[in-house]
Amino acid sequence: MKTGISADHGGFELKEAIRQEFKNIDWVDFGVHSPEPADYPDKAAELCRAILSGQLDRGILICGTGIGISIAANRFRGIRAALCHDVFTAEMCRRHNNANVLALGGRVLDKEMAFRIVRLFFDTPFDGGRHEKRIEKIDTVTQG
């Protein structure tokens, strides 16, 4: 599974820690590569476009709280970004929502919890079934 990772300055430290912890993942790193200020909408857009074009299967986005970067990501039709702060939401974002982007808050999560969330994001399958029609409905009911 080819996975992208991207962060603004508020998520830089956690992004680097995740890359080091999960060395077995085939990462495409969209930056940032330093704690210098960067705009989270730009970082979300790069990764989301790569998923939508088929270059990536999933992605992880990180900003200070995870809120801004998840809002930006969810503006892209076909992206289902889930902001997770605990293991229950991490599991459910995959089981029920088939999330293809995980959003995290670099300033609100400790590294161990973030690692547990990331592990669940990779290891939890989509349940399908009754959830499939709801996922399909997302794009139809949000067309305006």
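The values are calculated or read from the model by the stated rules, or taken from the named source; none is laboratory data. From a predicted model like this one, the values you see are computed outputs, not experimental measurements. Every residue, glycine as well, gets a Cβ built from its backbone with ideal geometry; the counts of neighbours run over all protein chains shown.
Some points to look at:
- Residues in the stretch 85-102 that are out of contact with any strand residue (DSSP E or B) (no Cβ under 6 Å at 6 or more places or on another chain) and either β-branched (V, I, T) or under 14 Å from K43 (Cα atoms) (or both): V87, T89.
- The residue that is nearest to the chain's Cα centre (by Cα), counting only those in the stretch 88-118 that are in a helix (DSSP H, G or I) and in contact (Cβ under 8 Å) with a residue 40 or more places away in the chain, is V118.
- For A82, the requirement of being touching a strand residue (DSSP E or B) at 6+ places or on another chain (Cβ under 8 Å) and either in a loop (DSSP other than H, G, I, E, B) or of a type in the set (V, I, T) (or both) is not met.
- Residue in the stretch 21-35 that is closer than 19 Å to F122 by Cβ, buried (at least 21 other Cβ atoms within 10 Å of the Cβ) and at pLDDT 95 or above present: yes
- Which listed residue is surrounded by fewer than 16 Cβ atoms within 10 Å (Cβ to Cβ) and basic (K, R), from R94, R58, R49: R49
Condition check ((1) under 18 Å from G4 (Cα atoms); (2) modelled with pLDDT of 95 or more; (3) surrounded by 15 or more Cβ atoms within 10 Å (Cβ to Cβ); (4) polar (S, T, N, Q)) across all residues:
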{"site": "I67", "(1), (2), (3), (4)": "no, yes, no, no"}
{"site": "A81", "(1), (2), (3), (4)": "yes, yes, yes, no"}
{"site": "H85", "(1), (2), (3), (4)": "no, yes, yes, no"}
{"site": "T89", "(1), (2), (3), (4)": "no, yes, yes, yes"}
{"site": "M113", "(1), (2), (3), (4)": "no, yes, yes, no"}
{"site": "K137", "(1), (2), (3), (4)": "no, no, no, no"}
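- Restricting the stretch 115-135 to residues that are modelled with pLDDT under 95 and basic (K, R), the residue that is surrounded by the most Cβ atoms within 10 Å (Cβ to Cβ) is R134.
- Flag if S6 is under 17 Å from G106 (Cα atoms), crowded, with 18+ Cβ neighbours inside 10 Å and either of a type in the set (S, T, N, Q) or without any contact (Cβ under 8 Å) to a residue 24 or more places away in the chain (or both): yes
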